[in-house]
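Asker: This structure is in structure tokens; I'll ask about it shortly.
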Amino acid sequence: MKHTLLLSSVIITAMTLSGCSSYNSLELSQQQVHSSSTSADYTYYKIEPPLYDGDVVQYSLRDGSRGTLTIKRTTPQTLMGDDGHVINLSELVSLKRKEISKGKTAAAVGTGAAATVVVVAAVVGLAFGAGMIAMLSAS
């Protein structure tokens, strides 16, 4: 009985916590700086909200390829992954960052709490019932 209870608690917890994140779109805009001392323009890309080391992103490129990357470093024109993969920002079609979803987390916590109450009530009910049966059969 204890093993079944423990196993079901672990399964319920894993299922509810697995949906606590989602990917949110980032805005990528091309910016230019014109230098008056030289006749050259400098192009860079601005990502809003900004990316930080360790962020996990999903990307789509102009050639149709897609992937997931953990950011190691960003430059004004590239994303560098912790696996050595480098993506030119000029090739991006879409960019999304993995974030903790507050709504899904709240739902998961609520579901976990409700499941815990149900399991505890079932165990207490079974123990009480077994005690009553033992008491009635003894008399």
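Asker: Out of all the residues in segment 115-131, is one or more at pLDDT 95 or above, surrounded by 10 or more Cβ atoms within 10 Å (Cβ to Cβ) and aromatic (Phe, Trp, Tyr)? Even if it seems obvious, please write down each step before you answer.
Answerer: To start, the set of residues in segment 115-131 that are at pLDDT 95 or above comprises none.
No.
Asker: I would also like to ask the following. Contact list please: Cβ distance under 8 Å, first residue in segment 18-41 and farther than 21 Å from residue 89 by Cβ, second residue surrounded by 10 or more Cβ atoms within 10 Å (Cβ to Cβ) and at pLDDT 75 or above, pairs at least six apart or on different chains.
Answerer: Partner pairs satisfying both residue conditions: 21/98; 21/99; 22/98; 22/99.
Asker: In addition: So, in segment 23-78, of the ones that are modelled with pLDDT under 90 and surrounded by 11 or more Cβ atoms within 10 Å (Cβ to Cβ), which residue ends up farthest from the chain's Cα centre (by Cα)?
Answerer: Of the residues in segment 23-78, the ones modelled with pLDDT under 90 are 32-43.
Narrowing the set further to residues that are surrounded by 11 or more Cβ atoms within 10 Å (Cβ to Cβ) leaves 42-43.
Details: 42: 35, 43: 32 Å.
Step by step, filter segment 23-78, then rank; the result is 42.
Asker: Additional query: For segment 73-92, which positions are part of a strand (DSSP E or B) and closer than 14 Å to residue 29 by Cβ?
Answerer: If we filter segment 73-92 for residues that are part of a strand (DSSP E or B), which is where we start, we get 73-74, 78-81, 86-88, 92.
Answer for segment 73-92, where residues must be part of a strand (DSSP E or B) and closer than 14 Å to residue 29 by Cβ: just 92.
The values are calculated or read from the model by the stated rules, or taken from the named source; none is laboratory data. Given the structure is predicted, the values throughout are model-derived calculations rather than measurements. Cβ: placed from backbone, ideal geometry, glycine included. Neighbour counts: every protein chain shown.
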